[in-house]
Amino acid sequence: MTSAEALREAARAGRYRQFELSSHALQRMKQRNVTRRDIGLALSSATSAAHEGGNKWRIDGGTDDDGEPLGVVIVFTGRGLVVTVF
Amino acid sequence: MHCHECNGDKFERRNVELTTRVGEHTVIDRSVVRPVCAKCGEFTVSAETLEKVELRATLVAFTEAPRVTGAMLRFARKTLDMTQAELAERIGTTFESVSRWEREERQMEPWVPLAVLGLVREKLMPPPTGVELKKAG
Ligand SMILES: [Zn+2]
C-alpha cells in the first residue's frame, strides 16, 4: 500500500464513519472530549499518511469539529480500519 | 480474526465498560458485548456502535443532569454528527445562537434541550415500520 492509497482509504473510512476504535483510543477520546464525529472528520480531512511499519500508518493534517488539528494512528486489518491512538 | 495489538487469536465475548464524557458529566455504559482478546484484553468498538453509545450517554445526561450546559449541548450536536448550522436548521434557530449556547454566552431557552433530546431519541428509536401516514379525508 502506498501512502496515497492509505490516505484515500482513511478518508473514505472517515467520511462514511466506517472504522473501529481500539480500547486505548476510546480512553483518549474520553480524556480529550473527542467524539466519533471528530475522528471521522480528522480522517476525511487528513493530508498525509506516514508508514509506521506493518499495517500501521500515521494519518496527519486533518482537523476535528473545532477545526483543531487531530492526527491519528490507524491499522488496516482484515475487518477494516482500526484507529489505535491519537 | 487476530488482535491488532498482540496478534493473538483467542477471544472471549463479554460486556465491556465504555465511559463517555458528556460535558461536565461521565456516563458509564455496560451494555455493549465485544470479543475481548484473551491474551492482552484488547477490544475494538465500531463507529456504528460508538454512535449508539454516544447517543445513549447524551440521553441519560440530558435527562438526569440538573441542567443542560453549553458543553453538553456541544457534545449532543457532535453525537448527532451535525455542524452548528445543521443543528440550527433542524431546531429552527440560527447557527449564531447554537454557537453562543455552546460557549455559554447566552442562556438556553427551556425548549432547546427538549428539541435536541427529540433528535437524539429519533436517532436511537427510528419510527416503527409497517405504519403509514395518510392525509385524512
Ligand atoms: Zn491482544
- Hey, what number do you get for chain B at 222 nm if only DSSP H runs of n ≥ 4 count, each worth -39500 (n - 2.57), divided across all residues, to the nearest 500? -13000 deg cm²/dmol
- Note on the structure: In Å, the Kirkwood estimate of hydrodynamic radius for the stretch A:3-85 over Cα pairs equals 12.2
- Percent of alpha-carbon pairs separated by more than 31 Å within the protein assembly as shown: 27
- Residue-normalised 222 nm signal for chain A, counting each DSSP H run of n ≥ 4 as -39,500 (n - 2.57), nearest 500 deg cm²/dmol, is -11000 deg cm²/dmol
- Please state the relative contact order of chain A as a whole percent: Cα pairs under 8 Å, 6+ residues apart? 31
- Message: Counting only other chains, and only Cβ atoms inside 10 Å, what mean value do you get across the residues of A:73-86?
- Response: 2
- Compute the distance in nm between two label points, each set 7 Å from the Cα along the Cα-to-Cβ direction, one at B:Arg13 and one at B:Met125. 2.7
- Note on the structure: Here the relative contact order (percent) of chain B, from C-alpha pairs under 8 Å and at least 6 apart, is 19
- Scattering curve values for the stretch B:11-124, log₁₀ I(q)/I(0), Debye with Cα scatterers, q = 0.11, 0.21, 0.22 Å⁻¹: -0.40, -1.08, -1.16
- Query: Each residue of the stretch B:72-89 in turn: what ³J(HN,Hα) in whole Hz from Karplus with 6.51, -1.76, 1.60 and θ = phi - 60°, glycine and Pro shown as x?
  - Reply: 5, 4, 4, 4, 4, 4, 5, 4, 6, 6, 10, 6, 4, 5, 5, 5, 4, 5
- Task: Can you tell me the dipole magnitude for the protein assembly as shown around its Cα centre, using point charges on the Cβ only (Lys, Arg +1; Asp, Glu -1), in Debye to the nearest 20?
- Result: 500
- Query: Which entries in B:Lys39/B:Lys123; A:Lys30/B:Lys52; B:Lys10/B:Lys123; B:Lys78/B:Lys134 show an alpha-carbon gap greater than 26 Å?
  - Reply: B:Lys39/B:Lys123; B:Lys10/B:Lys123; B:Lys78/B:Lys134
- Just counting partner chain Cβ atoms within 10 Å, what average do the residues of peptide A:31-38 show around their Cβ? 6
- Spatial separation of Cα centroids for the stretch A:1-73 and the stretch B:1-74, in angstrom: 18
- Task: Note the full-extension length gain between B:Leu117 and B:Ala136 as 0.36 nm times their separation in residues minus their Cα-Cα distance, in nm to one decimal.
- Result: 3.9 nm
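Readers should treat all values here as calculations from the given coordinates under stated rules, not as data from a laboratory. All values reported here derive from a predicted model rather than from experimental measurement. Ideal geometry is used to build each Cβ from the backbone, glycine not excepted, and the neighbour counts take in all protein chains shown.
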